[in-house]
1. Among the aspartates and glutamates, which fall within straight-line cross-link reach of Lys91, defined as a Cα-Cα distance under 13 Å, with same-chain neighbours fewer than 8 residues apart omitted?
2. If you stretched the chain out fully between Arg62 and Arg85, how much longer would it get, using 0.36 nm times the residue separation minus the C-alpha to C-alpha distance?
Amino acid sequence: MSRGTIGRPMEILLVEDGLIDARLTIAALQKSGVKHRLTLTRDGAEAVKFLRREGQFTHVPRPDLILLDLHLPKKDGREVLDDIRADPELKHIPVVVLTASDDPEDKLRSELLNVDSYMTKPVDFDKFLEVVRQLRKFWLADIVLPRME
């Protein structure tokens, strides 16, 4: 059995209000070969409720990776990122920002909040998939497997 097939699929939360961008991201992840389950939230307020397991999200799994757009309705992605990094239960989840913003201030603020990667749309999907694969390797490094006898 190879190391890549051991354990549960990676839980990914995609926070994206644009359906075309969401579909492209989902398709890229499907092609990546990374075993995952993806949840899509379409605004920042819903993403925060999901992450805090509030309301209808009481029993959702904690994501292993968050793919976050910055320009979101209801609650801006920058505010979502602030909330994630301020919460002791969430602050260690890797975040990849996928955004149309090429504003240097957005990139600097994201970096100050320790995002794992900042990618400007349209995203170079080869680079995106490499980031996801690297995060997957990092995620698997923390798994302790039972001894085989």
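Read-outs: derived from the displayed coordinates by stated rules, not from any lab. Predicted model only: the values in this text are computed from it and were never measured.
1. Excluding near neighbours in sequence, the set is Asp64, Asp82, Asp83, Asp116.
2. Value of the extension gain: 6.8 nm.
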